[in-house]
Amino acid sequence: MKFIILVLTLLIAACSVNQSSNHESLYQALGATSGIEKLTDAFIEQIQYDPLVMPYFFETDVARFKEKFMEQICEISGGPCNYTGDGMQDIHGGMMINENHFNALVNDLILAMEAIDLPTSTQNRLLVLLAPMREDIIYR
Ligand code: HEM
């Protein structure tokens, strides 16, 4: 009986944690615009260390990439921004990005989120939003 009460108590606690994090928009959980900028800077840094992904960015205008990526994260996380960059299919078309490249870039993002100490639950909320873009990015 004691065990059942313990399990129920833990379940209720887990639900309330979930509810409070769901009430906070992901944009807020990411630290709003300044948090998203910190994340984007850390992401760009990780890309520079990544031998699989870095060659793709040799000729990229990093200032533009930073601006557009920040807008995109801000918009999809529920922040007050409009993404003004190119569509995912258009921008990644012709790059022949495969699963390995895609996974490597996602891993760079995870390392960036770890580097700025974002909680795992917040990391997962962002990753869930980015995952469906995979189909528009690989083998284009
Ligand atoms: C969920 C995954 C991804 C997201 C959300 C994403 C997002 C973006 C965004 C917002 C831009 C800027 C668009 C613009 O300038 O209008 C961009 C550009 C770019 N992305 Fe991705 N991307 C992803 C995956 C990848 C992968 C896997 C690669 C290659 C390994 C890649 C390579 C690039 C490159 C090279 C550019 C710059 C293109 C240029 O120089 O014009 N991206 N991406």
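No value in this document is a laboratory result; all are computed from the given coordinates. Just so it is clear, the model here is predicted, and its values are computed rather than measured. So basically every Cβ, Gly included, is an ideal-geometry build from the backbone, and we count neighbours across all protein chains shown.
Sorted by packing (mean other beta-carbon atoms within 10 Å per residue), highest first, where do 101-111, 51-61 land?
101-111, 51-61
Couplings for the range 104-109, taken from phi via the Karplus curve 6.51 cos²θ - 1.76 cosθ + 1.60 with θ = phi - 60°, read 5, 5, 5, 5, 4, 5 Hz in order; Gly and Pro are left as x. Each residue of the range 63-69 was assigned a 3J(HN,Hα) from its phi angle through the Karplus curve 6.51 cos²θ - 1.76 cosθ + 1.60 (θ = phi - 60°); the sequence is 4, 5, 4, 4, 4, 6, 5 Hz, with glycine and proline shown as x.
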